[in-house]
Every structure is written in structure tokens, then in C-alpha cells.
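Peer 1: Below are the C-alpha cells for one structure; questions will follow.
Read the figures in this text as sums done on the coordinates, not as results from a lab. Everything numeric here is computed off the predicted structure, so don't read it as measured data. Cβ coordinates were reconstructed from backbone atoms using ideal geometry, including for glycine residues, and neighbour counts include every protein chain displayed.
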Amino acid sequence: MEFSLLALFSRAGRLTFLSLALLALMGAGDESARFNDLGHRLMCVCGCNQILLECNHVGCSYSEGMRSELGLAVGRGENDDLTLQSFVQKYGPTVIAAPTNTGFNRVAWVMPYFVLGIGIASMVVLARAWKARAGKARTSNISPNHGDSVSVTDLDRFRREANRETAL
């Protein structure tokens, strides 16, 4: 019985080790996916403002060189951050397609939402002001055609005021 229990643990240990090794090595051969991911996180620096892997200029000297440089970095097994940082050092911070979420670059992520909020708040304030002005105009607009009762003295006073304001 002792022998079969030891064999069972040994077999379970080997199976566990094999499963963990397979799990660890699953992503090791997937260089094309890493190349594709990193290539879509970089911009071509030729001035076309396109993603590196989507730069479609015929004979673009930058994109071909950058793609081969990226392929070499992925082939060497460098991690993504190191690869991106080397491109930033060589080509400048504009080579990164999306700003990083650190430091002052957070402003680039926050500003669109901030401006949207300011715009919505401004529209609400403006709509309320227009509504209040329209309400005042409605209450001050005295017209006999709309069923408002106007005394004859008020009407005469309005006519005299209008004649005085339009007299030459």
C-alpha cells in the first residue's frame, strides 16, 4: 500500500509539473502576436500620423527600418516596456501611439472628459438662462390678441410711449 501511495504522489507531481511547464511555455513562441501588439502601439515617424504597422506609404524609409528594428527586439526576447522605451529614446516621445498613464501624460487622458463635462455644464446653464429669459418675456408681453386683459389707460400709455420713441 505504501508503494502505491508513493507512486500516486509521484505521478501526480509529474503531471502537475508538466502542466505548469506547458502553461509557462505557451506564450513563448508567440512572437508574431507580440510584434503585432507592439507595432500597433507605435507610430511611424515619417509624418503620416499612422500606426507603424499600418503605414502605407510606398517606399517609406522609416517604417521599414522601424519594423525590422521591432522584429529584432521581439526576436531577442526583450520585454515590451524595454522595447518601447528604446523606440522613445531613438525617435522621441511622439513614437508612442497612446500617451502613457503616468505623470503629466494623465492630463491627455483626463482632458477630453473634463472638457466634455464643462461643455455639458455650460449648455445646462445656457438653457436655463434662455428659459428664464423666455419666461420673463412671456409675462411682460401684453397683447390683447392673446386673451390678456389690458386696461384702456395702459394701452394709451403704451401708444404715447411708442410714439415718443419713434418720433423724429
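Peer 1: Using alpha carbons only, how many angstrom separate the centre of region 46-110 from the centre of region 148-168?
Peer 2: Measuring centre to centre over Cα atoms gives 75 Å.
Peer 1: Same structure, new question: How far apart, in nm, are two points set 7 Å out from the Cα along the Cα-to-Cβ line at Ala167 and at Leu72?
Peer 2: Inter-label distance under the simple model: 9.4 nm.
Peer 1: Still on this model: What is the gain in length, in nm to one decimal, between Val125 and Tyr113 on full extension, counting 0.36 nm per residue of separation less the C-alpha to C-alpha distance?
Peer 2: 2.5 nm
Peer 1: Determine, for each peptide in 60-70, 122-132, the mean count of other beta carbons within 10 angstrom over its residues, then list the peptides with the highest first.
Peer 2: Those peptides, ordered most packed to least, come out 60-70, 122-132.
Peer 1: In nm, to one decimal, how far is the Lys90 label point from the Glu64 one, both placed 7 Å along Cα→Cβ?
Peer 2: 1.6
Peer 1: Hey, another quick one. Of the peptides 153-159, 96-102, how do they stack up when ordered by the mean number of other Cβ atoms within 10 Å, highest first?
Peer 2: In descending order of packing, they fall as 96-102, 153-159.
Peer 1: A further question on this structure: Assuming 0.36 nm per residue, please report the length gained on full extension of the stretch Thr100 to Leu155 beyond their Cα-Cα distance.
Peer 2: Gain on extension, Thr100 to Leu155, equals 12.8 nm.
Peer 1: Let me ask another. What residues have an amide H closer than 5 Å to that of Ile96, excluding those fewer than 5 places away on the same chain, when H is modeled at 1.01 Å from N in the peptide plane?
Peer 2: Under 5 Å from the amide H of Ile96: Met43.
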